[in-house]
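No value in this document is a laboratory result; all are computed from the given coordinates. What you see is a predicted model, and the numbers here were worked out from it, not measured in a lab. Cβ sites come from the backbone with ideal geometry, for glycine too, and all protein chains shown count toward neighbours.
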Amino acid sequence: MTITADSRLQLYINGNERLLANGGDWSQLDNVPLAASDRLIAFHAQGNSWCSGVIASTMTGDLLTGYAFRCTENLYANWNQLGYDDLNWRFSYIVGDNTEGSEFCPKWQQIPQIHSEASWIWTANQTDDISGIDSEVYCRGYLPVCQVNPCLNGGHCNPNGADSVCDCLPGYTGQICETHLEQMCGDLLRPAPPEIAIHPRFDIYCYIGLNDTNYLDHQCRDLVLGLPGFPTSADLLAGGGNFGCWLARTYPDVDLPYACVDNYQHHRALGSCLNCQFMGVCIRYPLNAKHSSP
């Protein structure tokens, strides 16, 4: 984001102040990096003439100072915090456009580094009388939730109110598509094909087959090893997660989702079933860890 103000400026992003090298010089710009988690842009500006204003944008135009910002001349507690309710603030007043020689302030020149559709803004108290101009203003505006795509591994970001949802490419999961499905099954199990239905309370369906000869006599609980954040099945259970196991004669088996039950058949081994070819394991990660990177 590129920003400047006439004449002084303090900037806050998500409630945290960002120090500006040129916050007191409208003719000099400040470039402020934005992260995927940044939502709120708030600033406190001071002016001393009709030429009082703030202008900012991202070059892509996802953020533009303009009518969408809300401004007030009053200082309120927590005004620069994400949770503050600014619905009673008035929308900002357009002081001038980012054009050559604004009629509102002839000294302002077009700023090529700022998007052409951004505007100089202030409060709505502007009049033809300089004495009616607010000397200090507080403004708030919001970044689109997908302004910077937070999704990893080719995932697509979709706005969802004040938050975002990532649509992950096949083979990835997690809040921001950070985890490969292979990782979620741990060191011994493999992820089941996506056509296998899974109970919504669970996160991943894994399995072994008769070709996994080294593990045919292993109890199911001993196959749940090396999960992201949980080295053993005991660690998963202690952390609030769980899993269920199911022996199947064919694969895929319409009965495989029956494994999606907490504490189900942890003691069973594939080799103990004469006609079974597969063991399915339905894993549920703890809520506070299901999207953690390994």
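For the reader, a short list of remarks on this structure follows.
- With both labels modelled 7 Å from their Cα along Cα-to-Cβ, the residue 107 to residue 238 distance reads 6.7 nm.
- Fewest-first ranking of 100, 182, using other Cβ atoms within 10 Å as the exposure measure: 100, 182
- Charge tally in the Cβ shell below 15 Å around residue 112, where Lys, Arg are +1 and Asp, Glu are -1, residue 112 excluded: -3
- Efficiency of FRET from Cβ geometry, residue 27 and residue 77, R₀ 41 Å, rounded to 0.05: 0.75
- Taking every alpha-carbon pair in the stretch 2-142 and binning the separations at 5 Å intervals from zero gives 2, 11, 22, 26, 22, 12, 5, 1, 0 percent.
- Per-residue ellipticity at 222 nm from helix content only, as computed over the chain with -39500 (n - 2.57) for each DSSP H run of at least four residues, stands at -1000 deg cm²/dmol.
- Label sites at residue 116 and residue 156, each approximated as a point 7 angstrom past Cα along Cα to Cβ, lie 3.0 nm apart.
- Environment charge at residue 64 (Cβ cut-off 13 Å; Lys +1, Arg +1, Asp -1, Glu -1): -3
- Cβ-based exposure ranking for 39, 249, in which fewest neighbours within 10 Å come first: 249, 39
- Exposure proxy order (Cβ contacts within 10 Å, fewest to most) of 267, 156, 218, 115: 267, 156, 218, 115
- Computed over the stretch 185-284, the convex hull of the alpha-carbon atoms projects to a mean area of 5.6 nm².
- Relative contact order for the stretch 2-142, counting Cα pairs under 8 Å that sit 6 or more residues apart, in percent: 29 percent
- Net +/- balance of residues flanking residue 221 in space, Cβ distance below 15 Å, scoring K and R +1, D and E -1: -3
- The tail of the calculated P(r) for the chain beyond 35 Å holds 44 percent of all Cα-Cα pairs.
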